[in-house]
Structures are given as C-alpha cells and as structure tokens.
Amino acid sequence: MKKSWLILSVLFVLLFAVSSTSFAVDLDTANPIKIGYVGALSGDTALWGQAGLNGLNLTAEMINEDGGILGREVQIIGLDGKGAADDSVAAYKRLVEQEGVVAVVGTNFSSCNIPIAAVSDELHVPVIATAASNELVTVDAEGNLHPYSFRLCFIDPYMGYLAGSYAYNELGLRKAAIIEDITDPYSTGVGGYMVETFTSLGGELVAREEAQSGDNDFRAQLTKIAMAQPDVLFVPWNYVNVALIGEQARELGITAVMVGADGWDTNELIELSRGALEGSYYVSRPGFNLPEAAAYFEIYDAKFHSSKETECLYGNDGLMWIKQAIEAAGFADPTAIRDQLEATESFDGLLGHMSVDPTNHNPSRDAAIFRVDADQVTYVGIYDPAK
C-alpha cells in the first residue's frame with residue numbers, strides 16, 4: 001500500500017510538472033515581464049524618445065503598484081535608436097536576443113520601423129510603432145503583412161488626406177506648393193497624399209521641390225516656390241526642419257499658409273520657429289486635449305518636470321495595449337501577445353479609442369487639427385472630412 005501510494009505521489013508530481021510546462025510564464029511570478037522601448041534618446045529629436053521612455057516607466061510604476069500584470073512586475077528596458085535605422089534595428093535585436101523582452105514599443109520614425117518590421121518577422125517578437133505612419137511599417141512593398149509589426153498612430157495616406165482636404169475645403173486655398181525630404185519615407189508618403197487629395201478636389205500644384213534632412217539651407221528650393229506664388233505650402237517634415245523651412249520661407253517673402261502633419265507636433269515648435277509659422281496648421285493626434293491625457297500629464301509633469309510631448313502618451317498607450325493583450329491571452333508569450341494585438345476590437349488609451357484592422361495592423365482612430373499662433377499651438381478640434 002505504501003509502495004503504491006509512493007508511486008502515485010511521484011506520478012502526480014511528474015504529471016503536474018509536465019502539465020504546468022506550457023503555463024510556466026503564468027506561474028513565474030518571481031521574474032518580471034520585460035518590455036522594451038526603442039527611441040531617439042540622444043540627438044536632435046531626443047525629447048521625443050525621452051518622453052516615450054518616461055511614459056512607459058511612469059505607467060509601469062502605476063501597473064506595479066496595482067499588482068503588476070497577472071501578478072508579475074513589469075520591467076521597462078529602453079535603448080537608444082538615435083532616430084537612425086541601423087541603430088534602431090540593432091536596439092530591437094538586442095532587446096529580443098539579449099534582454100529577453102516579450103514585446104517592444106517604438107519608434108516614432110517610419111524610416112526606423114520599416115527595417116525593424118522585417119527583423120520582427122524573423123524574431124517573432126511584436127513591435128508597436130508609436131508615430132511611425134508610413135504604410136510600409138506594417139506591410140511590405142507587395143502588401144504582405146508583417147505579422148509582428150503594429151502601430152498606434154494613423155497612417156500617412158490618412159494624414160495626407162486630412163491635410164489636403166483641410167487646406168482646400170476649410171481654408172479655401174487653391175494653389176499649392178510642396179517641399180519634401182526625399183530621404184524620408186514619412187515625408188514623401190504624407191506629402192504625396194497631401195498633393196493627391198488637394199489636386200483631386202480641384203486645387204492646383206504650382207511647385208514641387210525636393211531636399212533632405214541635414215541640408216539646413218532650403219533657400220534654393222524656396223526661391224523657386226516663391227516664384228510660383230502658392231497660397232498653401234505643404235511641409236511634411238519633422239519639427240526641426242519645419243522651423244528652418246518656415247523661417248527661410250518668410251525671409252524670401254513667401255506668405256502662403258504652411259500645412260503639415262504630426263512631425264510638427266512638439267512644444268519646441270514655437271521657440272524654434274520664432275513666429276515664422278504663425279497662421280499655419282497641422283494634422284496630428286488629439287494629444288493632451290482629452291481629459292484623461294490632461295490628468296495623466298499632471299502626474300507626469302510632477303515626476304519629470306517635462307514639456308507636453310505626446311510621445312509620453314504613446315508610451316503609456318503602448319504599454320497598456322500590451323497589458324490588455326497579455327491579460328486576454330493569460331500569459332506573457334510574444335506570439336500570444338501578437339495574436340491578441342491583431343484581434344483588438346476595442347482599446348481605450350490616453351490618445352482615445354481605437355480598433356485594429358487585422359489585415360494590415362493599422363488602427364482606426366480620430367485625428368485633430370492644430371493651428372500655430374505666434375506664441376502657442378491651439379487645438380482646433382477633431383476633423384473628419386466625411387462628416
């Protein structure tokens with residue numbers, strides 16, 4: 001009898017060990033759930049990367065104070081992608097292969113996330129881009145889905161459509177010029193759809209000029225634009241170059257209304273442009289204008305004493321979306337997280353409500369218009385040309 005009981009006991013222990021193997025992550029409450037972040041933590045756009053990492057860290061603290069995710073502590077590991085493709089890919093690979101993260105948030109640059117997406121296909125760890133809006137972030141040039149690549153922002157065609165439509169329908173502008181960064185898929189992507197929408201509505205494209213980030217002097221291109229006398233100048237660049245282009249355009253006598261997209265979206269814009277962008281408009285996410293986001297920033301500001309950079313909201317939403325996916329799956333496995341992200345029908349974050357199209361991993365969400373005044377950026381409101 002004793003021998004039989006001993007055999008049964010051993011069998012029970014072995015059975016439990018085998019059956020629990022597939023649930024090892026669930027039961028591993030002693031070890032944290034590691035989530036990575038890749039952003040520009042140094043360089044010209046470091047304020048975005050630092051804000052994103054700060055947002056993840058703050059939200060992780062809140063989650064941990066509330067008991068973690070499935071009883072496990074959340075640990076954020078942030079690496080510097082420097083806003084460069086090679087560095088961002090290397091950071092993603094290190095997070096996956098050396099740090100053992102189950103998911104990655106970042107970057108906010110399409111030029112970085114497009115190559116990361118291809119690597120994620122091989123490494124099978126989901127990456128959630130924040131403000132990387134080019135279509136090729138989640139699908140390849142043939143339209144094939146990158147199964148492990150997602151995004152929180154709306155895509156370039158939608159931003160270009162909104163900007164072109166707003167310029168024509170709401171501002172009543174009819175003659176457009178554009179200056180694009182030919183080295184940046186974001187700039188050419190958004191810019192192309194701005195022009196396409198504007199001209200399809202009846203507007204005329206009178207000048208199209210190319211340059212590249214780092215040139216710093218855009219006067220040759222802007223001189224040609226000035227000769228064409230547009231009433232709207234599309235500037236689909238990031239804020240550092242937007243400020244330079246704005247100043248140099250005004251120096252050359254260009255009085256056109258400048259219109260851009262979410263690359264403009266930073267509090268640094270007013271100081272850098274020194275009034276040159278007054279009366280301009282851009283399309284972006286609602287930012288801190290939603291009540292939940294405003295309340296979050298009070299906590300964020302008290303901790304970091306930082307400016308209102310929307311990337312911190314993306315950091316929060318990226319982490320909270322991963323949390324929702326892990327809880328829905330019941331365990332913190334990269335493929336299970338991927339499956340739940342793809343199946344998202346409803347997620348409510350600080351940037352508002354969104355759902356995900358499983359065929360292309362693009363979210364459906366609201367966009368807003370902002371006006372640049374001499375000393376501040378003013379929230380105009382949610383804009384949907386279809387309504």
Checking Val259 against (1) farther than 21 Å from Glu204 by Cα; (2) assigned to a strand (DSSP E or B), which test does it fail? (1)
Restricting attention to segment 294-301, does a residue exist that is part of a helix (DSSP H, G or I), at pLDDT 95 or above and within 21 Å of Ile77 (Cβ to Cβ)? yes
Within segment 172-180, does at least one residue satisfy the condition of being within 30 Å of Arg365 (Cα to Cα), in contact with a Pro (Cβ under 6 Å, 6 or more places away or on another chain) and hydrophobic (A, V, I, L, M, F, W, C)? yes
Among the residues of segment 181-206 satisfying the criterion of being touching a Phe, Trp or Tyr at 6+ places or on another chain (Cβ under 8 Å) and more than 19 Å from Asp231 (Cβ to Cβ), which is modelled with the lowest pLDDT? Tyr186
Being in a loop (DSSP other than H, G, I, E, B) and either small (Gly, Ala, Ser) or surrounded by 21 or more Cβ atoms within 10 Å (Cβ to Cβ) (or both) is the filter here, so list the residues in segment 262-289 that pass it. Asp265, Thr266, Gly275, Ala276, Leu277, Gly279, Arg285
Any residue at all in segment 213-221 that's surrounded by 21 or more Cβ atoms within 10 Å (Cβ to Cβ) and under 27 Å from Asn169 (Cβ atoms)? no
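Residues that are over 26 Å from Pro32 (Cβ atoms): find the helices (runs of 4 or more DSSP H) completely inside segment 84-195 holding 3 or more of those.
Values: elements: 85-97, 110-123, 156-165.
Filter on segment 84-195 gives 110-123, 156-165.
Condition first: more than 18 Å from Thr310 (Cβ to Cβ) and either modelled with pLDDT under 95 or buried (at least 21 other Cβ atoms within 10 Å of the Cβ) (or both). Now tell me which residues in segment 39-78 satisfy that.
Across segment 39-78, the qualifying residues are Gly43, Ala60, Ile69, Arg72, Val74, Ile76.
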Tell me which residues, restricted to segment 329-383, are closer than 15 Å to Thr310 by Cβ, of a type in the set (Gly, Ala, Ser) and not in a loop (DSSP other than H, G, I, E, B). Gly349, Gly352, Ala368
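The values are calculated or read from the model by the stated rules, or taken from the named source; none is laboratory data. What you are looking at is a predicted structure, and each value in this text was computed from that prediction instead of being measured. With ideal geometry, Cβ positions are generated from the backbone for all residues, glycine too; neighbour counts draw on all protein chains shown.
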